[in-house]
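This report concerns only the one structure given below.
The values are calculated or read from the model by the stated rules, or taken from the named source; none is laboratory data. The structure presented is a predicted model; accordingly, all values stated were derived computationally and were not measured. Counting neighbours? That spans all protein chains shown, and the Cβs are built from the backbone with ideal geometry, glycine included. Heads up: the accessible areas ignore ligands, DNA and RNA and are worked out on the full protein's heavy atoms, side chains in. Shrake-Rupley method; radii C 1.70, N 1.55, O 1.52, S 1.80 Å.
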Amino acid sequence: MGQVIESSEPQFFSLSTNPEILHAVKDTGFEVTSMVTVPLRGKDKTIGAIQVLNKEPDAMIDEFGEEDMNVCLEVAEYSGPLIQRMLDPSFEIDDQETAKYIARFTDSPLVASEEDIQIDEKLLEVVGDAIIKREGIFPFKRLSPTSVAALMTNPLDYPRRESFATATDLFVEDVSVAAATLIDKLMKQYFVEQEEAGPVPSEDMASSRRSSAKNTPARRRVEAVRRISTMRNLLLSCSWPIVSWRTPT
């Protein structure tokens with residue numbers, strides 16, 4: 001383990017290729033036939049190592065291989081910064097690293113820079129900066145008339161996705177993970193210029209746009225169901241014999 005910490009490089013050991021492993025048997029009294037050791041890296045130094053001994057007796061292969069090492073490396077990559085945070089409370093994990101962890105944990109694509117995607121500026125104009133800022137969802141591609149691909153810091157934040165869909169009538173179908181700093185950068189890049197381009201629209205124009213945005217089939221249906229539910233509650237408060245109630249489909 002000391003060699004791995006000193007060199008910061010992972011290593012395999014097995015009884016068949018590294019006879020010196022027998023020293024471990026003598027020192028610990030535990031029979032070791034194969035082991036893999038990987039470094040625990042902090043921000044700028046190696047702070048420890050993870051060592052795994054012996055495969056399960058019923059494993060098809062007796063010794064550790066590349067696949068086993070990759071799993072250990074992934075665990076070490078997650079664990080290193082967390083352990084360093086425990087050792088040093090002042091240590092902070094930057095949002096780029098956080099985004100990488102979240103992407104792996106949720107099995108989602110990671111977008112590290114604007115060059116990784118093609119942004120539909122017309123889509124941004126339709127959605128508007130207010131909704132994007134409020135929900136933390138940056139739509140960059142229209143997948144269908146009712147669905148989009150978007151950037152989020154946390155793709156499992158379904159309440160925000162539902163809120164976005166309610167406000168825009170656009171379902172967030174595909175989500176890529178991005179750091180908060182990247183989303184903020186894109187917001188400033190694509191909306192600050194619009195704010196500086198001219199005066200704020202008059203209240204009449206803004207009101208007209210709000211009315212137009214509300215006058216969609218999905219919003220009309222939501223409003224109809226809401227009114228029916230209100231009427232239903234009113235009727236239920238009376239003594240009239242109501243057998244059943246169904247909302248329109």
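After finding the eigenvalues of the alpha carbon gyration tensor for region 126-183, what semi-axes result from the square roots of 5 times each, listed largest first in whole Å?
Rounded to whole Å, the semi-axes are 15, 12, 11.
Could you pull out every residue, at least 5 positions away or on a different chain, whose amide H is within less than 5 Å of the one on ILE47? Hs are placed 1.01 Å off N in the peptide plane, and Pro or chain starts have none.
Those qualifying (amide H under 5 Å, at least 5 residues apart or on another chain) are LEU40, ARG41, GLY42.
Cα atoms only, region 48-200: Rg and Dmax in Å?
Just the Cα atoms of region 48-200 yield Rg and Dmax of 20.4, 74 Å.
Report the FRET efficiency, 1/(1 + (r/R0)^6), for GLU77 and VAL126, where r is their Cβ-Cβ distance and R0 is 30 Å, rounded to 0.05.
Result of the calculation: an efficiency of 0.15.
Sort out for me the Cα centre separation of region 120-137 from region 42-57, rounded to whole Å.
About 44 Å separates the Cα centre of region 120-137 from the one of region 42-57.
Can you give the FRET efficiency to the nearest 0.05 for ASP116 and PHE91, using r as the Cβ-Cβ distance and R₀ = 41 Å?
Between ASP116 and PHE91 the formula returns 0.90.
Quick check on my link table: of LYS133/LYS185; LYS45/LYS185; LYS122/LYS188, which ones sit more than 19 Å apart, alpha carbon to alpha carbon?
The pairs that break the limit, which is 19 Å between Cα atoms, are LYS45/LYS185.
With +1 on each Lys and Arg Cβ and -1 on each Asp and Glu Cβ, and nothing else charged, work out how big the dipole of region 1-152 is about its Cα centre, in Debye to the nearest 20.
440 debye
FRET efficiency for ASP184 and THR106, Cβ-Cβ distance as r, R0 = 22 Å, nearest 0.05?
0.60
If I model a spin label as a point 7 Å beyond the Cα along the Cα-Cβ vector, how far apart are those points for VAL192 and LEU143 in nm?
Label at VAL192, label at LEU143, 3.1 nm between them.
Of VAL38, VAL52, which has the most accessible area and how do the rest follow, probe 1.4 Å?
The most accessible residue leads, giving VAL52, VAL38.
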